[in-house]
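Heads up, the thing below is written out as structure tokens.
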Amino acid sequence: MDSSTSKQSVYPVYFIRFGIILLALGMLFGILGGLQYAVPGFLKEVLSFERTRPLHVSSVLFWIILTATGAIFTYVQEHSQRRMYSTILIKIQFYLLGISILLIMACYLAGMFGGREYWEYPPYLSVPIVLAWVLLLINFIRTVDSFRNQPVYIWMWLTGIVFFLFTFTESYLWVLPYFRKHIVHDMTIQWKSYGSMVGSWNQLVYGAATYLMCKISGNQSTAFSKKAFALYFIGLFNLMFNWGHHIYTLPTHAYVRQISYAVSMTELLLLGRIIWEWKQSLSAVLKFRHIASYRLLFAADIWVFLNLILAIGMSVPAINVYTHGTHITVAHAMGTTIGINTMLLLAIVADILKHQQQGNSVGKTGFWLANISLLLFWVSLIVAGIWKAHWQMSANPPAFGSMMQQLRPFFMVFLISGITLAAGILLILFSLLKKELHVTSNQDF
Ligand code: HEM
């Protein structure tokens, strides 16, 4: 352990603060994108959809990744009652990631691309991200020290860190001519890596949420239970093999599709568990309803339930043929990253920034506004997706432009609920950050 760790590092909180700034910026770019859905050509000359989309998607993905990293630093120290192995490594990691993210945003604004969907910036900017991740892996392993008899969340973090490093690197194999030569192989690897990458950051976020749930209930035994490890293995299994629904439309080997379909269905076990434990969680929510984090965790549970139904539906090959390339995919991506990842991370931020007690009206209003808006937002995308799927499959489809015109009412609902969703999340953030913002109030969310 280096000498600079003798005092508490502020860098874990820096990761979280930077993440929050990216969330706010990301939502702003999202609203711009929504406006461009509803009013085609809006701001086309200055900031076209080709720029607002990656600006939005990268900002919100880095919100998830940075905040989860800050949470892991904080919680692994709380759990082990030890400081991180190296504060210097945390600092280097923070600056490597921070500078890369700023450069990525600048590239998008300047119209400099070169990457692929989701990571559309010039590929060389991924090198510092990979380096930062290697530092995280070293720091995490050295801090935990021994993996014997550790709770499930330590394994979830380790899995998330290792698999993110692996899948992020794998998603860049296309820069090598050998992988670019065969289009089907190339696309298979690309979508496989993206599918598993989502599973990796889920392990980071779910691990932190599991730690937080044990902390709120004051009961660590659930994190050592056989059931917790069984669920962890189902998650790991899915992370490794359920990406097949991303490539159903590619002419690849049938067994790839069959295996991944079978694996996706193991998620039904997770769904079953949620329904089974529903009543129990309802009584717990009453018990802990004064705790801001608990309410957000409970909201995430409902979003897991709704999104799992959608995801299981989309994994059925006969349905996937219709949903592919429609707004249903966007509903799935945003429903999970907002409803599950963002709600869980907000719960974690509330805990780490210590704004837990009672309830204030700003936080509660934000909570309800965000969740009701998200429901409308999500449903409008699904309905628009069903409409588009019908258009894609019809024998004599009307022109694309006229189909998009028919979708306009749904895009208006999407835009308006997107604005109120962003307002709700900002209210939650405001109530969590008010001490940092030096706003005096004697109540917390
Ligand atoms: C916590 C907040 C948010 C998160 C985590 C989030 C996440 C995402 C993700 C992951 C995508 C990529 C979807 C895909 O490729 O299938 C996306 C796309 C998009 N999001 Fe969001 N989003 C958020 C808030 C918003 C808001 C408030 C709006 C406002 C209307 C919005 C509008 C859009 C638009 C227009 C797209 C592009 C969809 C397309 O490519 O057709 N997002 N978002």
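Values in this text are rule-based calculations from the coordinates and carry no lab data. Keep in mind that what you see is a predicted model, and the values were worked out from it rather than measured. Here the Cβ is made from the backbone with ideal geometry for all residues, glycine too, and neighbour counts use every protein chain on show.
Each part reduced to its alpha carbon centroid, the range 147-180 and the range 45-65 end up 24 Å apart. Placing unit charges on the Cβ atoms of the charged side chains and taking the dipole of the chain about its Cα centre, the candidate lying farthest along the positive direction among Leu136, Gly207, Val379 is Gly207. Against the main long axis of the alpha-carbon atoms of the chain, helix 87-109 sits at an angle near 20°.
Shape class of the range 347-398 from the Cα gyration tensor (axes a ≥ b ≥ c, square roots of the eigenvalues): prolate, since a/c reaches 1.5 or more and a/b is larger than b/c.
Between the range 308-342 and the range 345-418, the C-alpha centres lie 13 angstrom from each other. The C-alpha atoms of the chain define a longest principal axis, and helix 183-217 lies at about 30 degrees to it. Per residue, the average separation of C-alpha pairs within less than 8 Å and at least 6 apart gives the chain a relative contact order of 14 percent.
Think of the chain as having a plus end and a minus end, set by charges on the Cβ of Lys, Arg, Asp and Glu; of Leu429, Thr167, Gln36, Leu429 sits farthest toward the positive end of this dipole.
In the chain, helical runs assigned H by DSSP with n ≥ 4 each contribute -39500 (n - 2.57); averaged across all residues and rounded to the nearest 500, the mean residue ellipticity at 222 nm is -24500 deg cm²/dmol.
Between the range 198-222 and the range 228-266, the C-alpha centres lie 23 angstrom from each other. Hey, if you put +1 on the Cβ of every Lys and Arg and -1 on every Asp and Glu Cβ in the chain, which of Tyr294, Leu306, Ile189 ends up farthest toward the positive end of that dipole? After comparing all options, I get Tyr294. Estimated from the Cβ-Cβ distance and a Förster radius of 56 angstrom, the FRET efficiency linking Lys226 and Gln405 is about 0.50. Placing unit charges on the Cβ atoms only, positive for Lys and Arg and negative for Asp and Glu, gives the chain a dipole magnitude near 560 debye about its Cα centre. Each distinct pair of alpha carbons in the chain adds a 1/r term; the inverse of their mean, the Kirkwood radius, is 22.8 Å. Against the chain, whose longest principal axis comes from its Cα atoms, helix 278-287 is set at around 50 degrees.
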